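See below for the structure under consideration.
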Number of protein chains: 2
Amino acid sequence: MSIEDIETPAVLVDLTVVEANIHRTQQGFDQLGLGFRPHIKTHKIPYLARQQIQAGAIGIACQKISEAEVFAAEDFDDILLCYNLLSPDKIARARAIAEKTQLSLVADNLEVVAALSEGFRGVDEPLAVLVECDTGAGRCGVQSPQAACDLAVSIALAKGLRFGGLMTYPRADTEDQVESFLSQARDLILKELGACPTISGGGTPSLNHAGRMPCLTEYRAGTYIYNDRSLIARGACLESDCALTVLSTVVSRPTHDRAILDAGSKSLTSDLFGLTGHGLILNYPGAEIVALSEEHAHADFRHCATRPTIGEKLRIIPNHACPVSNLVDQVVFLRGEDVWRPFPVAARGCVI
Amino acid sequence: MSIEDIETPAVLVDLTVVEANIHRTQQGFDQLGLGFRPHIKTHKIPYLARQQIQAGAIGIACQKISEAEVFAAEDFDDILLCYNLLSPDKIARARAIAEKTQLSLVADNLEVVAALSEGFRGVDEPLAVLVECDTGAGRCGVQSPQAACDLAVSIALAKGLRFGGLMTYPRADTEDQVESFLSQARDLILKELGACPTISGGGTPSLNHAGRMPCLTEYRAGTYIYNDRSLIARGACLESDCALTVLSTVVSRPTHDRAILDAGSKSLTSDLFGLTGHGLILNYPGAEIVALSEEHAHADFRHCATRPTIGEKLRIIPNHACPVSNLVDQVVFLRGEDVWRPFPVAARGCVI
């Protein structure tokens, strides 16, 4: 089977590029002496996470309890779930995972600490809980090093829990600020508790600057395995580092410059990430996807030397790879132009 | 079970509102004497399509061959698939559907006509193919009434096919332009072929103006069954007409004004539709979802009289309902505040 034979739209993943991304990234962290924990929210495929572990990763990161369940069932034995859990049901599910694998959780408030403590009461091995710190991204996280220390003490005192360290999802290009926040928090905690086991930073955009945050003991990143148009735009990767493309067919050429492709927002998503246009069409420099309907890409070829024909198949690097793989039950694994096989996205739709 | 007991994030569908939307809309078309053909791409649930038919709809519209297969298997007997099909495999699937149900397709170019003719060669009952017209939306479609007539003649001459009429997906608020294009095309076709069986217009945004296009013989719309924030903003519905909400939990309150909810772009999608913000939070007028991560909504409550607490469950009307229901394997059916049951989204992910 060749790429031409694949029904469209389809999400293609080039394993040659995936493996190069895995090994180049892992080597970088090995050289820094920094633990690397890939985030599986990008690919949601245990087969790929296993390659990340075999390359030297210390464990995996998940975002949702249902993702962690999929990967725990596949015998991944070190999982950091980077999300505040509150509901008794979700926490019971976390406890079931923790009985068979090394699970760590996070908290940024006392309500979460209380809920986790209630859910883990009476366990033999206390649950490691890291304090999530808002080092500038403006999402979750305690707002100051002192608040991080206070919450660390609360975790250390809570039944069923132990203080596991600090965790942040930082804004890109703010390494000095991240290092300052986390190292201050660590020093306060060392005085209070004597230990701050893990300090976990992350994000593919800052991945090449991880060395500027010497306080980190580990680093989490997800998108680096596939890369995407937003990371090309940031200078974090090259077009040739993009492993995931959406294969689409030109279904209409209504005007000289316009082509309609059969990949819309239900294939590419509407993520813009500050970019103009909805993806990069390979082999047609200057082509722009100016709008998306649910099942149509509206592409403008006015700046291109040539125009595609009806029935032609085009590959698109999406703006953001992670939500694209979450839309499909399977991706198609390739090596270069050779099609290997469709492969299930085991944790697709694991939103709980 | 009450809404408070539902694990989040979850997509809730209030059947009381759904039924009101179905009946009010159908009554409007009945009064106009215009056939109504609901588009199932919004809900992808045969149970709801059956209610639409029982209320008086003449058939259903689908966007993809895999959607049509799901609904044909549920015995829907009049399906218009509003999408150019090119691949022999998809056309073979269409032929299999056409053997058991009344299927119509569309074309806006000769390549599609040739592919359909090849695939339907030798059938007893020729396939009805409508000419898709670009009446101003700038998506698919022939560019002039004369081009519509020329393609109609090609369809009428093609083996295995018969000319089924005209179809357009119009830009909102351009009813005069749509009427002018379609009536000119119809008149040209009547001279050439003697008949122009169906003239199909559509779109929820223009739904209340369908009467301004007297040439139409049927109207397609999908989103009206759920409605969403984009349709509130257009004045096409009220907040109380919105049947679909995303239930989410406040998982963090990092600052006085900021709340983080557990519904991100993998639940709400990033569709903006020209709006600011990523959804309407019920019961907190002035609250804004200022950003989405994949699993977090970043909400700003600075303009609100009160602030939600950690653990509180909030309902969000998404900007665009259709891609939201495509993200989940099941929605939760409600009647008002009473939870009925989870219900499978049978055609979720039917992107082929």
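The values are calculated or read from the model by the stated rules, or taken from the named source; none is laboratory data. Remember, it's a predicted structure, so these values are computed and weren't measured experimentally. Here the Cβ is made from the backbone with ideal geometry for all residues, glycine too, and neighbour counts use every protein chain on show.
So here's what we get for this one:
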| item | result |
| --- | --- |
| Test: A:Arg162 is out of contact with any Lys or Arg (no Cβ under 9 Å at 6 or more places or on another chain), among the charged types (D, E, K, R) and either more than 24 Å from B:Ile289 (Cα to Cα) or buried (at least 19 other Cβ atoms within 10 Å of the Cβ) (or both) | yes |
| Residue in the range A:95-126 that is surrounded by the fewest Cβ atoms within 10 Å (Cβ to Cβ), counting only those that are in a strand (DSSP E or B) and within 14 Å of chain B (Cβ to nearest Cβ) | A:Val106 |
| Scope the range B:273-324; condition free of Cβ contacts under 8 Å to residues at least 24 places away in the same chain, in a loop (DSSP other than H, G, I, E, B) and of a type in the set (Val, Ile, Thr); matching residues | B:Thr276, B:Thr306 |
| Set A:Ser270, A:Ser325: member being facing another protein chain (nearest Cβ under 10 Å) and buried (at least 20 other Cβ atoms within 10 Å of the Cβ) | A:Ser270 |
| Number of the exception - A:Gly311 against (1) more than 8 Å from every other protein chain (Cβ to nearest Cβ); (2) over 18 Å from B:Ser325 (Cα atoms) | (1) |
| Checking B:Lys64 against (1) in contact with a helix residue (DSSP H, G or I) (Cβ under 8 Å, 6 or more places away or on another chain); (2) under 27 Å from B:Asp150 (Cα atoms); (3) basic (Lys, Arg), the condition it does not meet | (1) |
| Qualifying position, being crowded, with 23+ Cβ neighbours inside 10 Å, of a type outside the set (S, T, N, Q) and more than 11 Å from every other protein chain (Cβ to nearest Cβ), among B:Leu280, B:Leu275 | B:Leu280 |
| Residue in the range B:127-184 that is farthest from B:Ser104 (Cα to Cα), counting only those that are hydroxyl-bearing (Ser, Thr, Tyr), in a loop (DSSP other than H, G, I, E, B) and within 14 Å of chain A (Cβ to nearest Cβ) | B:Ser144 |
| Considering residues of the range A:241-253 that are among the β-branched types (Val, Ile, Thr) and within 14 Å of another protein chain (Cβ to nearest Cβ) only, the residue nearest to the chain's Cα centre (by Cα) | A:Val246 |
| Hits in the range B:128-180 - residues which are among the acidic types (Asp, Glu), more than 19 Å from B:Arg37 (Cβ to Cβ) and at pLDDT 95 or above | B:Asp134, B:Asp150, B:Asp176 |
| Residue selected from the range A:65-94 under the condition closer than 18 Å to A:Arg121 by Cβ and in a helix (DSSP H, G or I), by the criterion farthest from the other protein chains (Cβ to nearest Cβ) | A:Ala94 |
| Of all residues in the range B:60-70 being among the hydrophobic types (A, V, I, L, M, F, W, C) and crowded, with 24+ Cβ neighbours inside 10 Å, the one that is nearest to A:Pro9 (Cα to Cα) | B:Ile65 |
| Subset of the range A:254-267 that is assigned to a loop (DSSP other than H, G, I, E, B) and more than 7 Å from chain B (Cβ to nearest Cβ) - its residue that is nearest to B:Ala147 (Cα to Cα) | A:His256 |
| Matching residues in the range A:283-297 - criterion: being surrounded by fewer than 22 Cβ atoms within 10 Å (Cβ to Cβ) and within 12 Å of chain B (Cβ to nearest Cβ) | A:Val290, A:Ala291, A:Ser293, A:Glu294 |
| Residue under evaluation B:Gly235, criteria (1) over 27 Å from B:Ile22 (Cβ atoms); (2) part of a loop (DSSP other than H, G, I, E, B), criterion not met | (1) |
| Flag for B:Thr42 being among the polar types (S, T, N, Q), at pLDDT 95 or above and within 21 Å of B:Arg139 (Cα to Cα) | yes |
